[in-house]
Structure formats: C-alpha cells, structure tokens
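The values are calculated or read from the model by the stated rules, or taken from the named source; none is laboratory data. Fair warning: this is a prediction, and the values are worked out from it, not measured in the lab. Glycine also receives a Cβ, built like all others from the backbone with ideal geometry; neighbour counts cover every protein chain displayed.
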Amino acid sequence: MHRISRRTFLKTASASAACTALWNGVPRAMANPLRLPIGLQLYSVRDILPKDYEGTLRQLGALGYREVEAAGFFGHSPAEVRQAMEHAGLRCVSAHYPLKDLLPKVDETIQFGKDLGLKYIVCAAPMLKDPSHVKDAGSQAARESMTLEDWRWNAEQFNRIGDRANAAGIRFAYHNHTPEFRSENGVVFYDELLRLTDPAKVTMELDCGWAAVAGKNPADLLTRYPTRISMLHVKDFKMSHGVVPLPAPPSTEMGHGVIDYHPIFEAAKKANIEHAFVEQEEFDMPMMEALKIDADYMRALTV
C-alpha cells in the first residue's frame, strides 16, 4: 500500500529485465480464472470509508465486490462491522496491521478478528529490530534500510504471532511492498522470509503490483512458491517502458496500466490462492467509477 522512491526501484537487481517482460501493454480481455469472489482491499476507499462506513460498503457491494480486506475499522466493534458487511452483501475475510501495532496487542487483535470471523490477520509493514536509531521507524525510508538481520528478526516475530493466531483458528500472513525484494550478500530478503517462517504458521499475501515495480515477476514467484502464497493483491500502474516516474508509479484502473495479469493468473491457477483483492491507491476519475472498472476487469479475466 505504501509508495516507493525511484531510487529504490533503480537499486533493485534486474528490475529492467523483469519489467520488460511484465509491462508490455494492456492485458487482453479475459473471465476470472480462479473462480473466486471479487475482492477489494479497503485501503482503496480510505478517504471516504471513515465518513460513511455503511454507505461506502453498500456502494462496493453494488459494484459486484463480495469480499473485502480491512485496513482499519475506524472505531467500529466486530458486531458493527459484521452488520455493515452483511447489509452490503460483503464478507470481511482479512485485515491488515503494521507489526508495530500487532506486537503490543497480539491477543487483543486476534480476539477482535475471531469475533469478526476473519480468516486471515495480515502484517502489512515490518519493523526494524532496533528502531531507536532512526527518526521514523515506520517510514518507507526505514523499511528500505532494513538489513538481513532485521528481516530474520521479523521472521521470528511472524512465527510467534502465527502460532497464536492458529490457536484461535485464524491464519497469519505477510504482505509485501518493494523492500522485501532487495538483497544482502546475495540473499533476497523475501526468499529468506519464506525460508525462516514456518509454513504451518505463516503464509504470504503476494502484492503483484509492488513485486512487479520491484523488478520481480509475480508469475515466477507463484511458480516458485505455489504452496506458500494464499492471497493476491492485484493492481495496475501507469508506466512507460519500465521507467518509474517520480516519486513512484501512479496507480490506475485494472487493464489501464502496464502490468499483464494473464501470465500471473495462469501461474496462480496452479498455486493455492484462496482470495484475490483489487487495490487501487489513487484515482483520476470518480472513485466508484474506477472501482467498477476494476471489478469488471476481474469479472472478465480468463487464461
């Protein structure tokens, strides 16, 4: 969900080669190959959701979305969230939290999720092992500065949280942005996270868009880790020949950007994907019109 700098993108190994393979124009029209309900990450409507929680959810339900992933509950109780979702014809199956908020309230967060009926609790932002030496430990710059030791420490925290979530009947997942695909001494941080996390305790939510911006091919990741990735974020960006505009690539409607989802969903068919969430982070048209385009794209996608 967070933006990256052009400098970060250019530092990513083999970004240009991967982008050339991925960013080759608008995908052809297709039907949803995963046969999954159309999902939306509610970060997409973060500006209007707190102002009209129930009304916004009803609009999303009317567009054809059936599953959502939360990025904050804005003071609503699990019962209130469940009621709003039911009235909108939606099911909240997952929720995002930064690790800095999870660690001090693991049991409280798990209980909230259990009361709400969540299937997944997702960490969407890691932490430095020792945040005391940075000014803003939660910033993108701090995440970009994370070392292999930091990521290994995060893997330990994920295993512990996953163990406690499992006990409550909830799965724990980690969601990537771009720093995960940096490396140290030839070790790619994302690969190390997968190596060190227990598959029984920690699964992955692959953000295809940010992986592509980091120079990785999401289809390759799905092929390499078919049993470790359970959920997808699907998003599109406006790009030109793999060059990242400053400060980061603009988010756009599915099918209106440069990421070809055909090979990605072809690979996803062979993986264990349970949910796929559209996420659009900014808009240059009325929000609900854009989200309708996204829903229509997902409905028509096939491989």
Requested in this report: Select, from 152, 160, 143, 182, the only residue that is surrounded by 16 or more Cβ atoms within 10 Å (Cβ to Cβ), farther than 16 Å from residue 210 by Cβ and basic (Lys, Arg).
Outcome: 152
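Output the residues belonging to region 243-300 that are assigned to a loop (DSSP other than H, G, I, E, B) and of a type in the set (D, E, K, R).
Narrowing region 243-300 to residues assigned to a loop (DSSP other than H, G, I, E, B): 244-250, 253-260, 269-274, 279-286.
Hits for region 243-300 are 253, 260, 269, 270, 274, 279, 281, 282, 284.
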Query - Positions within region 256-281 being surrounded by fewer than 21 Cβ atoms within 10 Å (Cβ to Cβ), more than 29 Å from residue 118 (Cα to Cα) and touching a Lys or Arg at 6+ places or on another chain (Cβ under 9 Å), in sequence order - result: 256, 260, 262
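So which residues in region 88-110 are farther than 22 Å from residue 155 by Cα and not hydrophobic (A, V, I, L, M, F, W, C), if there are any at all?
Listed by number, the residues that qualify are 89, 91.
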Query raised in the report: Within region 172-192, is even one residue of a type in the set (A, V, I, L, M, F, W, C), in a strand (DSSP E or B) and within 15 Å of the chain's Cα centre (by Cα)?
Result: yes
Query - Among the candidates 220, 260, residue that is of a type outside the set (A, V, I, L, M, F, W, C) and over 30 Å from residue 147 (Cβ atoms) - result: 260
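Considering only region 56-90, state which residues are part of a strand (DSSP E or B) and either surrounded by fewer than 17 Cβ atoms within 10 Å (Cβ to Cβ) or in contact with a Phe, Trp or Tyr (Cβ under 7 Å, 6 or more places away or on another chain) (or both). It would help to see each step written out before you state the result.
Initial filter on region 56-90 (part of a strand (DSSP E or B)): 67-70.
Listed by number, the list holds a single entry, 69.
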Query raised in the report: Which of the residues spanning region 227-254 are out of contact with any strand residue (DSSP E or B) (no Cβ under 7 Å at 6 or more places or on another chain) and either modelled with pLDDT of 95 or more or β-branched (Val, Ile, Thr) (or both)?
Result: 227, 243, 244
Query - Residues (outside any strand (DSSP E or B) and in contact with a Lys or Arg (Cβ under 8 Å, 6 or more places away or on another chain)) located in region 193-209 - result: 194, 196, 199, 208, 209
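Please find, within region 112-125, the residue that is surrounded by the most Cβ atoms within 10 Å (Cβ to Cβ) out of those that are of a type outside the set (A, V, I, L, M) and within 10 Å of residue 78 (Cα to Cα). Steps first, please.
Initial filter on region 112-125 (of a type outside the set (A, V, I, L, M)): 112-115, 117, 119-120, 123.
If we keep only those that are within 10 Å of residue 78 (Cα to Cα) as well, we get 112-115, 117.
Numbers: 112: 17, 113: 23, 114: 15, 115: 13, 117: 15.
It comes out as 113.
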